Amino acid sequence: MTREQKWARAAYEVVCKEKDNKTFGSLCKNGPSLLQRAGAAQAIGFWNRNDKDRAYLQALAHVWDGGTKENLLDRALKDDLKMYMALTRDLMSAAIWLRRFAQAEIADEETSNAE
């Protein structure tokens, strides 16, 4: 099984558990762009600010390597530049899987109001 397949499977499991959480869905949809704009350390710091955002951060850590958000923050702060760039790229790939499944499984407010 490839890394992408592992990330896809883990992301699907996480999103199915959070199906009724619209805030989580919103974070999933915006996560990859924040990682691209700010990099791993700043994005992790942003998501670590309150409980709702920490749930997304924990989900991303779980999808990426099955670890914890604390381990992820530690890696982002201590890795050298090459490893940091690889971490950011990998987190973006994992976040894209979360976004794909969130778009498919979590109804957003616009869709809910249209029905």
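Just so it is clear, none of the values below were taken in a lab; they were calculated from the coordinates. Model, not experiment: these values are computed from the prediction. Because the Cβ atoms are built from the backbone with ideal geometry, glycine has one as well, and the counts that use them run over all protein chains shown.
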Worksheet, complete the sentence: Checked against the structure, the computed Cα extents along the principal axes in Å among (i) 31, 31, 29; (ii) 49, 34, 21; (iii) 47, 28, 19 is the one labelled (ii)
Worksheet item: Taking only DSSP H segments of four or more residues, each worth -39500 (n - 2.57), what value at 222 nm results for the chain once the sum is divided by all its residues, to the nearest 500 deg cm²/dmol?
Response: -27000 deg cm²/dmol
Practice prompt. Find how much the distance from K82 to F46 grows on full extension, using 0.36 nm per residue of separation minus their present alpha carbon separation; answer in nm with one decimal.
Written response: 10.7 nm
Worksheet item: Which whole DSSP H helices in the chain pass both tests: a Cα extent of 24 Å or more along the axis and a mean Kyte-Doolittle value no lower than -1.0?
Response: 81-105
Worksheet item: In the range 29-82, what trypsin sites (Lys or Arg not before Pro) fall in a loop by DSSP, with at most 15 other Cβ atoms inside 10 Å?
Response: R49
